[in-house]
Amino acid sequence: MPPIPSVIPMNMELECGACRHRQPFILPTPICEDCAHEWMDVRYDYPRIARVWIDLLRQRPHTMWRYRELLPLRDDDFQITMGEGGTALLRAHNLGMMLGMPNILIKDERQNPTNSFKDRQAALVISMMKEMGVTELVVASTGNVAISYSAYSAHAGIKLWTFLPGLVPPEKIREIAIYGSEVVKVTDTYDATKKIAAEFAAHKGILADRGIRDIGTRESMKSIALEVAEQLALEFGPPQPGIPWQSPDWYVQAVSGGMGPVGFWKGYEELYEMGFVDRMPKLALIQAEGCAPMVTSFKKGLTRAEPVTNPSTRVITIATGSPGPAYEVLYRIVEQNGGVFESVSDEETFRALHVLAKMEGLSVEPAAAAAFAGLFKLVNSGIIKRNEVVVVNCSGHTFPVEKFLLDNDWVKVIKTGSEPYAPDELSPATPAPRLSDNVLGALDQLDRRVRRIAIIEDNPDAARLLRRILQTQGQFQISEAHTGREGLELIGAEQPDVVLLDLMMPDMDGFALLDQLQIQGLLDDLSVIVITAKELSRVDRDRLQGQIQILLQKGSFTDEDLLEGIEALLGED
């Protein structure tokens, strides 16, 4: 038998969620060729994966990427990872004793890099963005997604615009800003915030994250299911000969848009198809009473969710009034396979938060506490039996955020004219543009990147680092070229204010490029910062004399050195 490769070559198709038509896998994800439906699922070569996966997994570390063959990234060179996944499955001994339930297990997603299960989403989505060549992205969020995307975008060298509703806690907003993302606070609901983010992205020609409609979002969430199935087998043993992994009786999660349970279910569907588990779990989907469109719609027997137009809950991270297409999928799953939609009050949620901290030593955010409040309610009502195996998603941690690293202009505010919230303690220095008269005009005010900087660098890692340093300032329009000839064309076409130039490049080195710029008269209104690893001789330095303003040696300058140099050059204008 030939040796097993470290990674099985990818063989993927897209399947329409409505008509089941299959078509080739491409990015960005197209609509269905047959019925124009926008919900497309990825299908893999399950028989082939099943034959070799157990042997492959023995060789791999316990991260999300352990399950590489079931994740839709075609080229591992674009993988952006900070060790996400592989989180512990903790047995809740004290809580179990309190409830008389010996088999409550907590999937502790606080252990991800930014302490949220959304790191899985960020890792895969940002990797796919990198594979598509995306350098700028817009996302709307109630907090955790923006934090995760900010961290992973920083790692990938992608500029991120984050739009957040008014009730997102200041600590979360500050953390987003610390990563260097653009922070836009909208004094309105999350649903209004999503619309404004989409308008901004369309107006500026920037790609917008589509949430659960993006296949990367759903596919990343199923990694939780794959880990749970493998971990339960270690906890309880295989269910029967030939079936290596285990299913819980229940999976409990607090939901907003519903992407987590949708992905979790798909993970178990694929494991069942490959023969890795012998049954499917039931889903317990928990929402806050003050914003529970899925719960109320399910109890009315509606296949489409009625939106909640005025959310009234302090559990802001799950306060989505219009959950979108996930509800239809989850409705079908619960109807066909069992499960439940349930709501909990804010009082029940914060009580559960306190109980979990006192009983298990786990400090969690309110969204995670809502899942436990739901568990308590479902156990007391007899829907979840005390002898059943229950896995609860513990989504995030109530950790403090550093408050002293940011200047006065770290948040931008959009006022919609209908302001249901109290004045904000953040008091940003930048006056807030009004949306009531001119939405696009207000959106234009958010983007004040009036200075153009061109990076001419053939090393992609070096170019990414320079781009990332510049992006943290938020005031530059950045373009890149990766050869001297491309750089010459770029400078002629875009007329940047500052050029960051490498000297050692293919086809035309930096010296020759500078000579051409001087011949063409383009150096007169241009500032050049040379950033090079080349040890310059006196001849080299004499050749650069009069052509450049600043010389920096790679590996021996900080981001402050570069930014101070740029600010000094721009200040001379």
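Quick check on my link table: of Lys159/Lys185; Lys107/Lys185; Lys266/Lys377; Lys194/Lys415; Lys299/Lys377, which ones sit more than 20 Å apart, alpha carbon to alpha carbon?
Distance filter (> 20 Å) returns Lys107/Lys185; Lys266/Lys377.
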Subject >> Nonlocal amide H pairs with Lys412, under 5 Å, H built at 1.01 Å >> reply: Val183, Val184, Lys185
Subject >> Over region 153-194: Kirkwood hydrodynamic radius from C-alpha pairwise inverse distances, Å >> reply: 10.7
**OP:** Give the order of Thr320, Thr309 when sorted by the count of other beta carbons within 10 angstrom, beginning with the fewest.
**Re:** Thr309, Thr320
Original post:
If you count the DSSP beta bridges with both ends in the chain, what percent of them are antiparallel, to the nearest 5?
Top reply: 20
**OP:** Find the relative contact order for region 451-571 and round it to a whole percent, using C-alpha pairs within less than 8 Å whose residues are 6+ positions apart.
**Re:** 23
**OP:** Loop only per DSSP, at most 14 neighbouring Cβ atoms within 10 Å: give me the GluC sites (Glu not before Pro) in region 439-539, ordered by residue number.
**Re:** Glu535
Subject >> Cα Rg, Dmax (largest Cα-Cα span) when computed across region 451-571, Å >> reply: 13.0, 37
Subject >> Helix-only [θ]222 nm of the chain, DSSP H runs n ≥ 4, -39500 (n - 2.57) each, per residue, nearest 500 >> reply: -12000 deg cm²/dmol
**OP:** Express the Stokes-Einstein translational diffusion coefficient of region 235-290 in µm² s⁻¹, to the nearest whole number, given a Kirkwood radius over alpha-carbon pairs, 25 °C and a viscosity of 0.890 mPa s.
**Re:** 198
**OP:** Set Lys and Arg Cβ to +1 and Asp and Glu Cβ to -1, take the dipole of the chain about its Cα centre, and tell me which of Gly258, Gly571, Ile178 lies farthest positive.
**Re:** Gly258
Original post:
Based on the Cβ-Cβ distance of Glu567 and Thr309, what FRET efficiency does E = 1/(1 + (r/R0)^6) give at R0 = 60 Å, to the nearest 0.05?
Top reply: 0.85
Original post:
For the residue pair Tyr272 and Ala36, what label-to-label distance in nm results when each label sits 7 Å from Cα along the Cα-to-beta-carbon direction?
Top reply: 3.3
Original post:
Which entry is the computed Kirkwood radius over Cα pairs in Å for this structure: [x] 25.7; [y] 28.5; [z] 24.2?
Top reply: [x]
Original post:
Against the longest alpha carbon principal axis of the chain, how many degrees, from 0 to 90 and to the nearest 10, is the axis of helix 510-519 turned?
Top reply: 50
Original post:
For region 140-157, what does the Karplus curve 6.51 cos²θ - 1.76 cosθ + 1.60, with θ = phi - 60°, yield as ³J(HN,Hα) per residue in whole Hz, taken in order and with x for Gly and Pro?
Top reply: 9, 7, 9, x, 5, 4, 4, 5, 4, 4, 4, 5, 6, 5, 4, 5, 8, x
**OP:** Please work out the Cα center distance from region 358-395 to region 158-196, rounded to the nearest Å.
**Re:** 29
**OP:** Residues in region 162-184, backbone N under 11 Å from the label point at Asp559 (7 Å along the Cα-to-beta-carbon vector): list them, ranges by number please.
**Re:** 178-181
Original post:
Remind me, relative contact order of the chain in percent, using alpha carbon pairs under 8 angstrom and six or more residues apart?
Top reply: 12
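Readers should treat all values here as calculations from the given coordinates under stated rules, not as data from a laboratory. Remember, predicted model here, so these are calculated numbers, not experimental data. Note that we place each Cβ from the backbone using ideal geometry, even for glycine, and neighbour counts take in every protein chain shown.
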